[in-house]
Amino acid sequence: PADSRLVASAATRLLVRVAEHDPGAVVDAMSAVGALLEPTPTRARRQALATVGLVAKTHPDAVRPLVPQLCSLLETAALGRVTAAYQAAATPAVPTLLAQLTADSPELRANTVGILGDIATEYPTDIAPYTDELAGLLSDSDPTVRSNTAGAFARIAAVRPRHVTPFVDALIDLLDDSWTRSRVHACWALGRCDAAAAAGALAERRHTDPQKSVRQ
């Protein structure tokens, strides 16, 4: 009914205002907010998502029960904050996330591969089988996408180096990337998979890279 939509819109608008100043004050409302995370786009849903995102910054545990709904809506910003604290929470959504790796939006690609990297922090074996799907993003046009992908590869290589070794050439190419974090992550990935073919390129970076974090 129209009246209930108006009430929901007004209530969620108020929750956003409160959460902007004190996210903890709306933690107890998360279950009610979750009821508004429906597929149909409405003003109440948009404001509910904004509230969830604000709460997730400081209270990811309160948002964790909403992960399945966030996954279904592909709300990567809030989901990313939750998976950074609870990597296992989004593991069942990996197939859904993989489908977004070819999205037109570079922000969506970057956020999606960032979530996969967060999961790989604690559960690299869950992400290792998908290096073929991730590999193309090592040369993505967006620097954040490249950096996040190299970071995911570095985490996978720590436990499942054989899944990363087929992409050593692409990681070596990243050592010349304009993005410092891409170069750092590429160094970690190459070292962890014991890529002897990268020794020369790594030695050069060790002496010539303008950033100390890369030289180290």
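The values are calculated or read from the model by the stated rules, or taken from the named source; none is laboratory data. These figures come from a predicted structure and were not determined experimentally. Note that we place each Cβ from the backbone using ideal geometry, even for glycine, and neighbour counts take in every protein chain shown. Note: areas computed on protein heavy atoms with side chains; ligands, DNA, RNA excluded. Shrake-Rupley method; radii C 1.70, N 1.55, O 1.52, S 1.80 Å.
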Checklist line | Of all accessible heavy-atom area on the chain, the percent that carbon and sulfur account for (1.4 Å) | finding: 52
Note to self: As I understand it, the value is the acute angle between the Cα axis of helix 106-122 and the longest principal axis of the Cα atoms of the chain; what does it come to in degrees, rounded to 10?
What the structure shows: 80
Notebook entry, point to check: Expressed as an acute angle from 0 to 90° and rounded to the nearest 10, what is the orientation of the C-alpha long axis of helix 43-58 relative to the principal long axis of the chain?
Noted result: 50
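Can you give the extra length, in nm with one decimal, that the chain gains between Val27 and Arg13 once fully stretched, where that is 0.36 nm per residue apart less the Cα-Cα distance?
Working: separation 14, 0.36 × 14 = 5.04 nm, distance 1.53 nm.
Gain in length upon complete extension: 3.5 nm.
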Check: Using a 1.4 Å probe, what is the accessible area per residue for the stretch 122-216, in Å²?
Finding: 52
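Set the Förster distance to 25 Å, then compute FRET efficiency between Glu107 and Ala135 from the Cβ-Cβ distance, nearest 0.05. Working shown, then result.
Values: r = 21 Å, r/R0 = 0.82.
So, using R0 = 25 Å, E works out to roughly 0.75.
Cα-based Rg of the chain per 2.2 N^0.38 Å, rounded to two decimals? Walk me through the numbers on the way to the answer.
On the way: Rg = 19.9 Å, N = 216, 2.2 N^0.38 = 17.0 Å.
Its radius of gyration relative to the 2.2 N^0.38 Å reference: 1.17.
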Check: Where does helix 143-157 land angle-wise versus the long Cα axis of the chain, in degrees 0 to 90, nearest 10?
Finding: 70
Next item on the list: Would you calculate the separation in nanometres between label points at Ala203 and Arg215, each defined as 7 Å from the Cα along the Cα-to-beta-carbon direction?
Entry: 1.8
